[in-house]
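Worksheet: one structure, shown below.
The values are calculated or read from the model by the stated rules, or taken from the named source; none is laboratory data. Keep in mind that what you see is a predicted model, and the values were worked out from it rather than measured. Note that each Cβ is placed from the backbone with ideal geometry, even for glycine, and that neighbours are counted across all protein chains shown. SASA here: full protein model, heavy atoms, side chains in, ligands and nucleic acids out. Shrake-Rupley method; radii C 1.70, N 1.55, O 1.52, S 1.80 Å.
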Amino acid sequence: MPRYHLTTFGCQMNAHDSERMRGLLASLGYDEAPERDAADLIVFNTCTIRGSADERFMGNLGEARRIKRENPDVVVAVGGCWAQSQKEDVFRDFPFVDIAFGPGEVNRLGELLARERIQAVGAFTFDGMFSGDLPSLRERPHQAWVQISVGCNCVCSYCIVPSVRGRESSRPWQAVLDEVAAQAADGVVEVTLLGQNVNSYGRDLPAGDRRTFAELLAAVAEVPGIARVRYTSPHPKDIRDDVIAVHRDVPEVCRHIHLPAQSGSSRVLKAMRRTYDRERYLALVGRIRDAVPDIALTTDLIVGFPGESDDDFADTLSLVREAGYDGAYTFVYSPRPGTEAGKQMSDDVPPEVKSHRISALIETVQHTARQRLSRHVGTVQDVLVEGPSRTDATRLSGRTTHNVTVNFTGEAPAGAIVPVRIVRSTSTTLAGDMAQVPEPAGAA
Ligand code: SAH
Ligand code: SF4
Ligand code: F3S
């Protein structure tokens, strides 16, 4: 059997696309190789969101070049967002690359590899553009990603995603529900709906078949066997009260929203073309907290955007405290080719200022998150067991509805949801002990 080795970079969309690549390759008769050196086919699923992503990938690609030099029969395939950003230049600049394909062309990996094989297998048609429709090999047996849309219609001035992932397109609602039902039948209890801007889901669907994101969320939560529903990411401009109401009213919909703010300065938000200002963002946070007081909010923040002053940055720090985030991903601005900011704005915040700001931001996020997470100490939380803890194999690890990792003592199979008494907290994790389980009343 031929063997492949796949390396994935970037966000959950890529992680999910990689599950599809695995499923596709398995169905074409490929086995997974333990190391890159041992593979007949080397695949990269790339990211190009920041310059650092490109650099990390270049190191890996260099190794593939070395392997291919030693064994010219090895096939090198490069997919994902970086590949899309380079187009035909991939083959000019990296002549040892055999196959290149963008994130909307995961199916082409199979097609390109299987040209002659496909008649023999005969099992595939390659007409869908949603990688979500391809066979999948899931990373985790009880948790699944579900693609609900591809692409992004926003024009955030710093962001390369729209140019590499294309226009937004919603997956038909029935296809989403069918996939979730099939996953549930296969043991999945938690699904995460994926899209670059999940809240605009459905707007491009034909009128008769149109559902809003809130309707989709509620419908997914009703699929028998699905105990938890998550999603990422919403755009703050598109979160309506109907979505907030679903969080309040539907217990399967998790008590967590990842709400990327990017900056706390209205001036910077405007230059970023985020289409909300600080006040509107905080008003949204207020509406969410009024409806679902215990909800966890997390965010993405960028420091060092062109023109960001000390005052702008101070606004980001105060936003972290006012919004009360349970966690945040923090990034240093990186100019991207082809973006509005990359082309028209000078990257004028000096490196040492950026580095000082990111440290200060991380410290503030940690401080706020530590305070927030400490509210769970003394409570009993339902935890979805993921398996043994990575740091201590005698303990179990899982996550709460707030998406916080809990390491705890006790015995329970992966996929079970068990009560855990929380005894300690840090800025990112909780620790506890499995609580007495009352006898289940009827079927679980
Ligand atoms: N669609 C998602 C974000 C995808 S990119 C959303 O809007 O929520 C993930 C994060 O990377 C963004 O939220 C942003 O914080 C960060 N990011 C995007 N482009 C960047 C750039 N040029 N420099 C630094 N960070 C960037
Ligand atoms: Fe990028 Fe903005 Fe689209 Fe997110 S919403 S993918 S940050 S353009
Ligand atoms: Fe994701 Fe990176 Fe592409 S963050 S959408 S894999 S550029």
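A cysteine counts as unpartnered when no other cysteine's C-beta lies under 4.7 Å of its own; in the chain this applies to Cys11, Cys47, Cys81, Cys152, Cys154, Cys254. Think of each Lys and Arg Cβ as +1 and each Asp and Glu Cβ as -1; about the Cα centre, that makes the dipole of the range 295-378 roughly 440 debye. At a probe radius of 1.4 angstrom, the accessible area of the range 144-248 per residue rounds to 35 square angstrom.
A dipole drawn for the chain from +1 and -1 charges on Cβ atoms has a positive end, and of Ala182, Val97, Ser170 the residue lying farthest that way is Ser170. Convex hull volume of the Cα atoms of the chain, normalised per residue: 165 Å³. The accessible surface of the chain, taken with every protein chain in place and a 1.4 Å probe, is 51 percent carbon and sulfur. The magnitude of the dipole of the range 170-321, with charges of +1 and -1 set on the Cβ of Lys/Arg and Asp/Glu and taken from the Cα centre, is near 300 debye.
By the rule of a C-alpha distance below 23 Å, with chain neighbours fewer than 8 residues away ignored, the lysines paired with Lys343 are Lys87, Lys270, Lys354. Using every pair of distinct Cα positions in the range 137-374, the Kirkwood expression returns a hydrodynamic radius of 18.8 angstrom. Calculate the translational D of the range 308-354 in whole µm² s⁻¹ from Stokes-Einstein, where the hydrodynamic radius comes from the Kirkwood formula applied to all Cα pairs, the temperature is 4 °C and the viscosity 1.567 mPa s. Rounded to a whole number, D works out at 103 µm²/s. Simple rule: put +1 on each Lys or Arg Cβ and -1 on each Asp or Glu Cβ in the range 3-115, find the dipole, and look at Pro72, Ala33, Ser85; the Cα lying farthest toward the positive end is Ser85. Computed from the Cβ-Cβ distance with R0 of 25 Å, the FRET efficiency linking Ala360 to Asp392 stands at 0.20. Among residues other than Gly304 with Cβ under 15 Å from its Cβ, the summed charge is -4 (Lys and Arg +1, Asp and Glu -1).
Answer rounded, prolate or oblate for the range 3-115, using the Cα gyration tensor with square roots of eigenvalues a ≥ b ≥ c: rounded when a/c is under 1.5, else prolate when a/b is larger than b/c, else oblate.
Working: a/c = 1.39, a/b = 1.09, b/c = 1.27.
Here the range 3-115 falls in the rounded category.
When +1 charges are put on Lys and Arg Cβ atoms and -1 charges on Asp and Glu Cβ atoms, the dipole computed for the chain relative to its Cα centre reaches about 560 debye.
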